[in-house]
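None of the figures in this text is laboratory data; all of them are computed from the coordinates on show. These numbers were taken from a predicted model, which means no experiment stands behind them. Note: ideal-geometry Cβ built from the backbone for every residue, glycine included; neighbour counts use all protein chains shown.
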Amino acid sequence: RKEVEQDPGPFNVPEGATVAFNCTYSNSASQSFFWYRQDCRKEPKLLMSVYSSGNEDGRFTAQLNRASQYISLLIRDSKLSDSATYLCVVNSGGATNKLIFGTGTLLAVQP
Amino acid sequence: DAGVTQSPTHLIKTRGQQVTLRCSPISGHKSVSWYQQVLGQGPQFIFQYYEKEERGRGNFPDRFSARQFPNYSSELNVNALLLGDSALYLCASSLPGTLNTGELFFGEGSRLTVL
């Protein structure tokens, strides 16, 4: 089983739509969770952290369910510029403290 | 301020050759991580270095090695290249203690093609 699993998509949605991505992780000891965004042929960039209580940044809402080891990202009022791959990321914890990336979910927002 | 810089940006090698990739972190960042991203996949952790010491190693063969220099720049070496090593190699830098905040700053990567 992969440490971080995501639906690769693609998700094709019209402008203005609401879209949700899900992610599951296998290591129950993981403590920190994030969403990164990667544009085509570019480097990944941190989009937002994910907190247990859920958190919002403008049109983006992230949720964490530790019991189910499940993370989600909701994007409201999709813009063309939201088209990208969204990577679910989990901090492995421990001495190495490395970030583990999911495969990514491709979002294509259509005009 | 300059971000993370990597070189070369693109390179083509043949099977069995060796390659060295270079990375300069953001000024003030002492931690460097290397990731391999195969087309259609997320980045896979290879190494992490902090203060010139290896702090973590991913599930990669011994053909992969790295080091960090006193100025915190880093090199990734891959020997005996295989076709499957074709990928985007990403370097990321971070401040100490910030991995819990997820703040890895990536360079644009070195795109390696093995023929």
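What to note about this one:
- Each residue, A:SER52 and B:LYS30, gets one label point 7 Å from its Cα in the Cβ direction; the gap between the two is 3.0 nm.
- Modelled FRET efficiency - R0 22 Å, A:CYS40 with A:LYS79, Cβ distances, 0.05 increments: 0.85
- When every Cα-Cα distance of chain B is counted in 10 angstrom steps from zero, the calculated P(r) takes the values 15, 50, 29, 5 percent.
- Our summary gives chain B a relative contact order of 37 percent, counting only alpha carbon pairs under 8 angstrom and 6 or more residues apart.
- Calculated P(r) of chain A - Cα pairs past 25 Å, %: 17 percent
- Between region B:28-63 and region A:34-72, the alpha-carbon center distance in angstrom: 22 Å
- Filtered GluC sites (Glu not before Pro), region B:15-57: DSSP coil and at most 14 other beta carbons within 10 Å: B:GLU51
- Over the protein assembly as shown, the hull volume per residue, using the convex hull of the C-alpha atoms, is 128 Å³.
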